[in-house]
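Reviewing the structure listed below.
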Amino acid sequence: MTTLTADSTTPRPDAPRRRRKRWTLEQTIFTTLNTSFLVLLAVVMLYPLLNTLAISFNDGSDAVRGGIGIWPRVFSLKNYDVVLHMGSIYQAFFMSVLKTVVVVATNLFFTSMLAYALSRSEFVFRKPITIIFVLTMYFDAGLIPNYLLIKDLGMLNTFQAYWVPVIISAFNLILLRTYIKSIPEEIIESARIDGAGEFRTWWQIVMPLCKPTLAVVGLFVAVGSWNSWLDTLLYNSGEQWLTTLQYELQKLLSSSMNAGLDSAQTGGAAAAAAGGGQVTTPVALRSAIVMVAAVPILFVYPFLQKHFVSGIMIGSVKG
Amino acid sequence: MTATTVRPPVIEPGPEPDPSSHIPKRESRRKTEQPPRRKITWNLIKAQRALLVMAVPLVLYQILFKYVPAYGWAMAFQNFRPGRGSIWNQEWVGFYNFVNLFTGLNGERFARVVVNTLGQSILTLIVGTLGAIILALLLNEIKNLPFKRVLQNITYMPHFLSWVVVASLAAVALSLPSSGGFINQLLLDLHIVDEPVLFLTQPNYFWGIVAGTNLWKELGWNTILYLAAITAISPALYEAAEVDGAGRYRKMWSITLPGIMPTIVVLLIINSGWILSTNFELPYFLGNGVVAERAETIDVFVLRYGYQLGNYSLAVVAGIFKTVVAIILVGSANMAAKRLNQETLV
């Protein structure tokens, strides 16, 4: 800051000043390159989604010509019209929302309750119970044994198969327990002195203090539930009303991957006429469903993103 | 209001002579309150019945849903036919299924499946780790905070998309230009190739496609822990290096990189424990019959060959193999991390 007056009088600061000048040039070059690279990376991250968005709003037969960037060439709502008139997609959307809400509510309730119990250092069975849960992060009986259990419990093709098997996740349990432990003991002691029992302390004292962490855990659980499709495939594919958005999308993806390779080679010209003047193609339809499946997540994301980094950090420190 | 004020241990400027001793004192007080071993008596259990009511049903639940399914492992020793009814009415065949899976024609297929799982996982792990380290270093050099935050949020975003969506995006991106394949379009426009490449029908590209798609999805997310490790490096080190005339690259190479090395090592070790458990959706959706020899992984094998074709017993054997190897790997990874005197990440 004060070099302005110093370097005019004494020769000594000359050397550092020259060095600083060279450093500035190097810095400029580096910053320019670095910034351009990172902007390019951001484009790479965003482009596939924007491209799919553009195709989903583009006329299907025109999209076959290729070369659509991030803006539709022949604007059309036909794809969404077709998608939203498939009865299964409405049902699937509703079921995905319902499933996500129920899973988040039950998971947060039970996980936080157990996390509270395990955070009490006086709890006698704290250690063995923690071990039982931590081990399940590593131990997995396997896909078919799990399927068999659900079948034997009579939960195949029921809504329960979505939420009952996932009311606790060990990772979130440890995350919440670590956070609850960081709450000053004095607060919980003062609740005790005021006559609050364990349930009341958990629900009325600890839960409100955990809101930021609960938001993070809730986000992780919600994303996981919204994005899952294997549970539908394994447990609930027998009942049409239990279908979910991701499951419908993967059905479409699987069939187009299996059948579409030949049509891809002939230019994807197999445009499926869907009534009306405009036509839609499998690629255009799939783009629309991808957007329907991705948009809710992208919509919630900005509201919760400020929390999740702190959530990751709590989870990474073993208590 | 109170939620934000209680989170960090508040140091009150009170009558205490040394406020900084507040935190350790509380810790030690808590420790002395709780002797390491306490006899479990009926009185104690009675006193803690509320905590037990909270915990015990959930423990039973967890045992039922996570440990009890292991009874299905009995199928590994049976010739399981769903038509015969429950698992108790099956024909017992001893180790026949193990021999069947690990030798002969099935053995060749299963060996290929294991190689594919390892190849895809290891490539994904190496590419993902290198990419995340480089991105964390570059992001760290951005001094404009709002710009940095925007970049971070954009790169974190794909992590929240489902694998089904990501596989759909990848399938489009890698297809022919007529199906929206913008990668081919770009390669054609830049005259790198003369003919569009059918990426998803070339077995040799498959591992790379899996690693690349994983990189796209998880790159930003994986930088979080590295960025946190970088902020923990003392600024004094950088100042000292500057005085000694170190430039930007020198500081990156000699201070930042060694500073996050423990994090890199721990994450690498921990992640290598999961090497057989990753990679399900991409090979499942993108792996068509043409590239199956490079695409099929253990999980895909279990779902396709076991569940969907009804070969339950063989699939259970494959699942047992995966779980046992995973437990050995995770166990040794944790031990290695402890040996290196690092905190183990859960």
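Structure data summary
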| item | result |
| --- | --- |
| Within region A:25-140: Cβ-based charge dipole about Cα centre, in debye rounded to nearest 20 (Lys, Arg +1; Asp, Glu -1) | 300 |
| Which of B:Ala132, B:Ser277, B:Pro158, positive extreme of dipole for chain B (C-beta unit charges) | B:Ser277 |
| Rounded FRET efficiency, nearest 0.05, which uses the C-beta distance separating A:Val295 from A:Ser88 and R0 of 25 Å | 0.90 |
| Unit charges on C-beta of K, R, D, E only; dipole of region B:98-339, Debye | 580 |
| Region B:203-253-region A:117-159 distance, computed between alpha-carbon centres (Å) | 36 |
| 12 Å beta-carbon shell around B:Met75, net charge (K/R +1, D/E -1) | +1 |
| Formal net charge of residues neighbouring B:Gly180 (Cβ-Cβ distance under 14 Å; K, R +1; D, E -1) | +1 |
| Distance from region B:56-132 to region A:225-249 (C-alpha centre basis), Å | 22 |
| Chain B - percent relative contact order, Cα under 8 Å, separation 6 or more | 21 |
| GNM top mover of B:Glu293, B:Glu91, B:Glu281 - chain B, alpha-carbon springs below 10 Å | B:Glu91 |
| Under 15 Å, Cβ to Cβ, from A:Ile167 - net charge with Lys/Arg +1 and Asp/Glu -1 | +1 |
| Candidates B:Lys217, B:Lys39, B:Lys66, ranked by Gaussian network fluctuation over chain B, Cα under 10 Å, top entry | B:Lys39 |
| GNM top mover of B:Val172, B:Val193, B:Val325 - chain B, alpha-carbon springs below 10 Å | B:Val193 |
| Top positive-direction residue, dipole computed over chain B with Cβ charges, set B:Asn222, B:Trp42, B:Pro82 | B:Trp42 |
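Here, each number is a calculation from the coordinates, and none is a lab measurement. Quantities reported herein were computed from a predicted structural model and do not represent experimental measurements. Positions of Cβ are generated from backbone atoms using ideal geometry, with glycine treated the same way; all protein chains shown enter the neighbour counts.
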